[in-house]
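Computed from the coordinates by the stated procedures, all read-outs in this text should not be read as laboratory data. Please read all numbers here as calculations on a predicted model, not as lab measurements. Don't worry about glycine lacking a Cβ; one is built from the backbone with ideal geometry, like all the others, and counts go over all protein chains shown.
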Amino acid sequence: MNAQQVREEFLKYFTSKDHKVVASSSLIPFDDPTLLFTNAGMNQFKDIFLGNEQRDYQRATSSQKCVRAGGKHNDLENVGVTARHHTFFEMLGNFSFGDYFKQEAIEYAWEFITEVVKLDKSRLWVSVFRDDDEAFAIWRDHIGVPSERILRCDEKDNFWQMGETGPCGPCSEIHFDQGPAVPCTEGGECGVECECDRYLEIWNLVFMQYDRQPDGTLNPLPKPSIDTGMGLERLAAVVQGEYSNYHTDLFMPILQKIAADCGRQYTKSDSADDVSMRVIADHLRAATFLIGDGAIPSNEGRGYVLRRIMRRAMRHANQLGRKEPYMYTLVALMEEHYGHVFPEITHNRHMVEEIIYQEERRFATTLDHGLGILHEMIQQCRQQEQGQLDGASAFKLYDTYGFPLDLTMTIAEDAGMTVDEEGFYQAMQEQKERARASWKATASVTSSEDLRHLESRHQQEFVGYDFLTSQSQVV
Ligand code: ATP
Ligand code: MG
Ligand code: MG
Ligand code: MG
């Protein structure tokens, strides 16, 4: 089954169970200040769960565009490293708004993965929240999963919440054992609770029961509900017998095009070239879909996260020898693959190309500028007979010129020098603390004159990579 068939089979299955197919909402959350980007299928149904909105259906299913690159769910630093994380991905989901609850949700999920896409039952593991005896009993007695393959996990894995506040509840997850050939990257005793790619988490069934308040208390929802989410890329991988999402038909054509364009080979390994190609492919998808939904690279908020994603990809393209704007040429391929499912990609294709092109040109200038400054710094070190570039200088390059640490290190190495990495992270930490302090100061501003002053300062200063997304540290 190709990925498109997997998506269709999912929606078809839940349609046959009286669910209404609802189109994906935009990646830019409309009217929800608690959210940076849409991060789960349930986002667009939040108000229904909370009891603030009624619809004429109680069961829904969707394939939702998601981005996890900031905020509570942030996977940016995992991309390129794990075989299962993307910044942009599609989340397949089924939802019950006060209609069915645990038993049917579990029955449907099991039937879909064992009967429709026919995953091998003996490789499936499930988890439940610590004291959720009800879910445990459904899995063991009703579905027939052997109790040694049902794990009880704590809040970290089995209590799902959308953000710091909002709908949440205990959950039950389905994992697929990809076998010992997938090496444990955590270096420990590998088990289903391990954060590696072997026991791949494919589906999360959330038993929505509470509304988390800003002070942490849990208020019960008007009606217990169901919210499930399964990554299309992960499901496609296991259905196609591939251990990595990148080796499915969702990614291989893009990876092969990048390889051909850059005169390299994609070898399905962890070589530096392969990692670069995966980062480019992933970030290209994210940039295409984000811009297609109206995001624009900028120095603040959502636009800033988008800019970081794009620049990270551009740096990798640069490493593969593409010094001139390149990624914009790949948008056509995105349209070919996704235009029929997400028509906004077709409608906005030229705008997406133009914005990526402009951003690539801007970044090329930044890189040029940074390179000049780095060469001066290296000269100075040489004159002072220092074999190491200090951390503060490396951080200045990173923070002011968007110059990534590993690029600084590569160039320094070529010049026979090292870089004080520890000093770099220390400078980053200090900057974060300064940013936090000024954030607090901003919060206490009262007069409009102060506000104007702050505003003009904000426009002049480039506040640095970690000001807005302090949780992530891709350097
Ligand atoms: P993981 O533990 O692997 O990071 P998660 O527990 O954070 O996943 P959930 O919040 O439970 O993920 O999301 C539901 C489903 O969405 C997951 O079971 C997985 O199939 C998929 N998913 C989550 N994050 C990503 C991602 N970054 N890229 C691709 N698919 C994802
Ligand atoms: Mg996660
Ligand atoms: Mg998880
Ligand atoms: Mg999960």
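Here are some notes:
- Simple label model, 7 Å out from Cα along Cβ direction - residue 376 to residue 388, nm: 2.5 nm
- Shape call, region 155-307: gyration tensor on alpha carbons, a/c limit 1.5: oblate
- Centroid-to-centroid separation of region 1-79 and region 301-358 [C-alpha atoms, Å]: 23 Å
- In Hz, Karplus ³J(HN,Hα) per residue of region 304-315 (6.51, -1.76, 1.60; θ = phi - 60°; x = Gly, Pro): 6, 5, 4, 4, 4, 4, 5, 5, 4, 5, 5, 4
- Here region 19-166 yields Rg over Rh of 0.97, to two decimals, using C-alpha coordinates and the Kirkwood radius.
- Amide H contacts for residue 159 (H built 1.01 Å from N in the peptide plane; partners 5 or more residues away or on another chain; cut-off under 5 Å): 171.
- Only Cα pairs under 8 Å and 6+ residues apart enter the sum, and on that basis the relative contact order of the chain stands at 13 percent.
- Crossing angle, helix 272-292 versus the chain [Cα axis fit, 0-90 degrees, rounded to tens]: 70 degrees
- Farthest toward positive dipole pole in the chain [+1 Lys/Arg, -1 Asp/Glu at C-beta], among 168, 71, 350: 350
- Translational diffusion coefficient (Stokes-Einstein; Kirkwood radius from C-alpha pairs) of region 251-377 at 4 °C, 1.567 mPa s, in µm²/s: 87 µm²/s
- Residue ranges 306-313, 363-370 sort as 306-313, 363-370 when ordered by packing (mean number of other C-beta atoms within 10 Å per residue, highest first).
- Within region 128-234, the ratio Rg/Rh, alpha carbon atoms throughout and Rh by Kirkwood, equals 1.00.
- Between amide H atoms placed 1.01 Å from N, distances below 5 Å from residue 221 occur with 210, 211, all of them 5 or more places distant or on a separate chain.
- Helix 102-111 and the longest principal axis of the Cα set of the chain meet at an angle near 80°.
- Charge dipole magnitude, Cβ of K and R +1, D and E -1 - region 130-259, Cα centre, debye nearest 20: 380 debye
- The simple Förster model, with R0 at 51 Å and r as the Cβ-Cβ distance, assigns residue 298 and residue 133 a FRET efficiency of 0.55.
- Counting only alpha carbon atoms, the long axis of helix 405-414 and the longest principal axis of the chain meet at about 50°.
- Mean Cβ neighbour count within 10 Å, used as a protection proxy, ranking 265-278, 201-214, 373-386 highest first: 201-214, 265-278, 373-386
- Over 28 Å between alpha carbons, listed pairs 17/118; 65/156; 20/118; 72/118: 72/118
- Karplus-based coupling profile of region 18-32, in residue order and whole Hz: 6, 8, 8, 6, 10, 5, 4, 8, 5, 6, 8, x, 9, 6, 9, with θ = phi - 60° in 6.51 cos²θ - 1.76 cosθ + 1.60 and x standing for Gly or Pro.
- Debye-sum result for the chain in log10 I(q)/I(0), which assumes one identical scatterer on each alpha carbon, at q = 0.06, 0.10 Å⁻¹: -0.29, -0.81
- Phi-derived couplings, Karplus 6.51 cos²θ - 1.76 cosθ + 1.60 at θ = phi - 60°, listed residue by residue for region 343-350: x, 4, 5, 5, 4, 9, 3, 5 Hz, with x used for Gly and Pro.
- By the count of neighbouring beta-carbon atoms within 10 Å, fewest first, 257, 156 end up ordered 156, 257.
- Only Lys, Arg (+1) and Asp, Glu (-1) charged, at Cβ; the chain dipole about Cα centre in debye: 760 debye
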